[in-house]
Amino acid sequence: MSDPASLAIVIPVWNLPDELGQLLDQIVRMGIFSQIVVVDDASDPACNPAQLGFTEEHLGGRLVYLRLPVQRGAGHARNAGLAAVTAENVLFFDADDVLASALPDIFHQHLAAGSPDFTIFRHSDSRVRTREGSFDAEEVRWSRVLRDRPSALLNLPEAAELCGISSYPWNKIYRTDFLREAGIRCSETLVHNDILLHWLSFFRAKRIQADARIGATHVVEEHRHHLSTRRGRDRLCLREIFAELIGTLQAAPQRRIYMRQLIQFTDDICRWNLEQIDADVVPDFTQMMLETYARFGPEDFQLFSAWQPRQAEALVTFMLDEGV
C-alpha cells in the first residue's frame, strides 16, 4: 500500500516546455509530491522532464512521463494521468499555472481532516491585478461559506454554495480512491473538459473541506490551447456534458439544493459562449441551449426562479423568443 500521506501531481502539457520547467522547479522546492505524472499531449517537440534536466532524484518523487501519440486535449491527458497515480491523494495542475507557498499547509490540513474526498482551496487569478485572490463573485462565495474560518468541513448548503465557483481542475486536492470509486473523470473534449470533474465531485462527495488559503495562481495568457482561441463547433460539446450532469443530479438525493446552482451555471456559461463563438456556429449553439434548458423540470425552474427571479425571467424569455 502507498503512504496515506502521499500526494501525486498530474500535469497535462502541450507545447509549453518553458512553463513546465518552471513548474517542475517549484515542485522541487515545495517537496510535498511523492509522484509527478507528466502527460505530454503530443507536443512538438516533446515536453519530456528528463530532456529538461529533471530526474526522479532531483524531483524528490517518482516520475511518470506519458507521451500521447495524438493530441486529444487536457481532459484525456488528466484521465490518463489519473490512471497512472499510485499516491493516496492527487492534485491536477496545469503546466502554465503557479503553485502558491501555502499549498503544503493546505495539504497538511487535508491530512489532518482525515483526508476528505477533496479539499478545495482559493486561488489568485493573474487578471486580478489590484489584490490577491480571484474575481469578486468568487471571493463573495468564499466569504459567505467560510466567514472567518480558515478551513472547514462543509455542510450540504455550504458545499452547494461553493460549487458555483469556476469549475477549475487545479483548485482541489482529491483523495485518489474517491475519484476512482465514484467514477469521476474529465470529459475528453477539447474545451470545457473540467466541468464534469468539478460538478460530479460535489454531487458525489460525502466529505468536502474548504480552505481559505490561496494554493495556486491561475496565469492567463494567449496560448493556442486556451479556450478563448477556440470559437468553432468545439463549444457544442456542452450538450453532452450538461446532459450527463443534469441526468446525474435529477437522480440524486441532494437534487434540490444543487439544482438551482446548476441552472445558474448552465445559463451563465452558455450565454458567455454565445459572445465568444463564430457567427456561423450561433444557430446550432442556440439550439443546443434550448435542448439543455428543456432538460430541467418545472420544479427545478420553480426553485431557481424563487432564488434568482431576474435571471429566471431572462432565461424563459430567451426560450420563448427562440421558439420553444
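The values are calculated or read from the model by the stated rules, or taken from the named source; none is laboratory data. What you see is a predicted model; the values in this text were computed from it and never measured. As a convention, Cβ positions derive from the backbone with ideal geometry for all residues, glycine included, and neighbour counts pool all protein chains shown.
Looking only at the range 129-145, count every residue that is of a type in the set (A, V, I, L, M) and in contact with a helix residue (DSSP H, G or I) (Cβ under 9 Å, 6 or more places away or on another chain) and tell me the total. Lay out the reasoning, then the answer.
Taking the range 129-145 first, the residues of a type in the set (A, V, I, L, M) are 137, 140, 145.
Subsequent filtering for residues that are in contact with a helix residue (DSSP H, G or I) (Cβ under 9 Å, 6 or more places away or on another chain) retains 145.
Count: 1.
Against the definition (touching a helix residue (DSSP H, G or I) at 6+ places or on another chain (Cβ under 6 Å) and either assigned to a strand (DSSP E or B) or not charged (D, E, K, R) (or both)), how does V70 come out, yes or no?
Working: touching a helix residue (DSSP H, G or I) at 6+ places or on another chain (Cβ under 6 Å): no; either assigned to a strand (DSSP E or B) or not charged (D, E, K, R) (or both): yes.
No: the conditions fail for V70.
Whether any residue in the range 4-18 is farther than 26 Å from E221 by Cα and surrounded by fewer than 19 Cβ atoms within 10 Å (Cβ to Cβ) is what I want to check.
For the range 4-18, residues farther than 26 Å from E221 by Cα and surrounded by fewer than 19 Cβ atoms within 10 Å (Cβ to Cβ): present.
Would you please name the residue that is nearest to R230 (Cα to Cα), looking only at residues in the range 270-299 that are aromatic (F, W, Y) and surrounded by 13 or more Cβ atoms within 10 Å (Cβ to Cβ)?
F285
What residue, of A112, A84, A102, A95, is free of Cβ contacts under 8 Å to residues at least 24 places away in the same chain and small (G, A, S)? Before the answer, list the steps.
Details: A84 fails: free of Cβ contacts under 8 Å to residues at least 24 places away in the same chain; A102 fails: free of Cβ contacts under 8 Å to residues at least 24 places away in the same chain; A95 fails: free of Cβ contacts under 8 Å to residues at least 24 places away in the same chain.
The match here is A112.
I'm checking my understanding of the structure. Among residues of the range 23-46 that are assigned to a helix (DSSP H, G or I) and touching a residue at least 60 places away in the same chain (Cβ under 8 Å), which one is farthest from G73 (Cα to Cα)?
Here the residue is M30.
State whether the residues of the range 84-104 include one that is among the polar types (S, T, N, Q), over 16 Å from W170 (Cα atoms), assigned by TED's automatic domain parsing to the domain that holds Y168 and touching a strand residue (DSSP E or B) at 6+ places or on another chain (Cβ under 8 Å).
Yes.
Return yes or no: is M319 part of a helix (DSSP H, G or I) and within 25 Å of the chain's Cα centre (by Cα)?
Spelling it out, it is not the case that M319 is part of a helix (DSSP H, G or I) and within 25 Å of the chain's Cα centre (by Cα).
Suppose we filter R122, R78, R62 for residues that are of a type in the set (K, R), surrounded by fewer than 18 Cβ atoms within 10 Å (Cβ to Cβ) and assigned by TED's automatic domain parsing to the domain that holds W199; which single one remains?
R62
Scan the range 256-275 for residues that are over 20 Å from the mean Cα position of the chain (by Cα) and either under 18 Å from F318 (Cα atoms) or without any contact (Cβ under 8 Å) to a residue 40 or more places away in the chain (or both) and jot them down.
Listed by number, the residues that qualify are L274, E275.
For the range 138-230, list the strands (runs of 3 or more DSSP E) that sit wholly inside it and hold at least 3 residues that are buried (at least 17 other Cβ atoms within 10 Å of the Cβ); which are they? Give the derivation first.
Details: elements: 151-153, 172-175, 208-218.
In the range 138-230, the matching strands (runs of 3 or more DSSP E) lie at 172-175, 208-218.
Could you pull out the residue among Q261, Q302 that is surrounded by 17 or more Cβ atoms within 10 Å (Cβ to Cβ) and in a helix (DSSP H, G or I)?
Q261
Go over the candidates A205, A152, A216 one by one and state the one that is touching a His at 6+ places or on another chain (Cβ under 9 Å), closer than 26 Å to P104 by Cβ and among the aliphatic types (A, V, I, L, M).
The conditions single out A216.
Restricting to the range 58-90, give me the number of residues that are touching a Phe, Trp or Tyr at 6+ places or on another chain (Cβ under 7 Å) and closer than 20 Å to I120 by Cβ.
Total meeting the criteria: 3.
Taking the range 125-136, which residues are within 17 Å of the chain's Cα centre (by Cα) and either under 24 Å from Y258 (Cα atoms) or crowded, with 20+ Cβ neighbours inside 10 Å (or both)?
If the condition is that a residue be within 17 Å of the chain's Cα centre (by Cα) and either under 24 Å from Y258 (Cα atoms) or crowded, with 20+ Cβ neighbours inside 10 Å (or both), then S134, F135 are the ones that fit.
Consider A210 carefully, then state whether it is more than 15 Å from F265 (Cβ to Cβ) and among the small types (G, A, S).
Answer is yes for this residue.
Within the range 305-316, which residues are assigned to a helix (DSSP H, G or I), in contact (Cβ under 8 Å) with a residue 12 or more places away in the chain and not aliphatic (A, V, I, L, M)?
Answer for the range 305-316, where residues must be assigned to a helix (DSSP H, G or I), in contact (Cβ under 8 Å) with a residue 12 or more places away in the chain and not aliphatic (A, V, I, L, M): W307, Q311.
Starting from residues that are in contact (Cβ under 8 Å) with a residue 12 or more places away in the chain and assigned to a loop (DSSP other than H, G, I, E, B), keep the ones in the range 115-137 and report whichever is nearest to S201 (Cα to Cα).
This residue is D117.
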